[in-house]
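The values are calculated or read from the model by the stated rules, or taken from the named source; none is laboratory data. As the structure is a computational prediction, the values presented were derived from the model and not from experiment. With ideal geometry, Cβ positions are generated from the backbone for all residues, glycine too; neighbour counts draw on all protein chains shown. When the accessible area is computed, the model is the full protein with side chains, heavy atoms only, and any ligands, DNA or RNA have been set aside. Shrake-Rupley method; radii C 1.70, N 1.55, O 1.52, S 1.80 Å.
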Amino acid sequence: MKLKSDSLDKFFSIDPNKKQEIPLLSSRVSAGFPSSAENYLEKSLDLNELLVQHAAATFFLKVKGNSMINARINDGDILIVDRALTVRTNKIIIARINDELTVKRILINAEKISLHAENDQYKPIEITSEMDFEVWGVVTYVIHKV
């Protein structure tokens, strides 16, 4: 049983040398009563700087299915996954089980490791020594359309 994978370097990663700046307005948008708009540009925002802590260890995955809907992870969403983060109990992770990838919440205790969906229609997966199990990384952000 492995909790980290070093074999993912060939997969998608972020180029830390390539800036992808997008305009950032200095005013904040009101989520309550409307406020006056101050329409001027404060600076540019690099989404890599905002969303990626370890560029060389980060990759994106597209979600297929509805097992994590109660964690607000929906079919078609894009996950930002960091392989450099320590896997801890209750984190949402990407795991490989017998050549299949899954996104689940990991629970770790002295006796066992289990993966839990965030949808009552799915049962937990208890990881056994017979399984080919590997954690590919910790999910740090979810990108989806509104």
Checklist entry - Here is a list of conditions, (1) hydrophobic (A, V, I, L, M, F, W, C); (2) open to solvent by less than 90 Å² (accessible area, probe 1.4 Å); (3) at pLDDT 55 or above, and LEU8 meets all of them except one; can you say which number that is? => result (3)
Item to check | Restricting segment 64-95 to residues that are over 14 Å from THR140 (Cα atoms) and of a type in the set (Val, Ile, Thr), the residue that is surrounded by the most Cβ atoms within 10 Å (Cβ to Cβ) | outcome: ILE69
Checklist outcome for this item: Residue hits (segment 98-113; of a type in the set (A, V, I, L, M, F, W, C) and in a strand (DSSP E or B)) are LEU101, VAL103, ILE106, LEU107, ILE108, ILE113
Checklist entry - So how many residues does segment 48-88 have that are part of a helix (DSSP H, G or I), within 14 Å of LYS104 (Cα to Cα) and not polar (S, T, N, Q)? => result 2
Checklist entry - What is the residue count in segment 114-130 for residues that are over 19 Å from the mean Cα position of the chain (by Cα), part of a loop (DSSP other than H, G, I, E, B) and either among the charged types (D, E, K, R) or buried (at least 17 other Cβ atoms within 10 Å of the Cβ) (or both)? => result 3
Next on the checklist: Being polar (S, T, N, Q), under 23 Å from PHE133 (Cα atoms) and at pLDDT below 90 is the requirement here; does SER13 meet it?
Outcome noted: yes
Checklist outcome for this item: Filtering segment 99-111 down to residues that are more than 13 Å from TRP136 (Cα to Cα) and either acidic (Asp, Glu) or surrounded by fewer than 11 Cβ atoms within 10 Å (Cβ to Cβ) (or both) yields ASN109, ALA110, GLU111
Item to check | Subset of segment 131-141 [touching a helix residue (DSSP H, G or I) at 6+ places or on another chain (Cβ under 8 Å) and open to solvent by 20 Å² or more (accessible area, probe 1.4 Å)] | outcome: THR140, TYR141
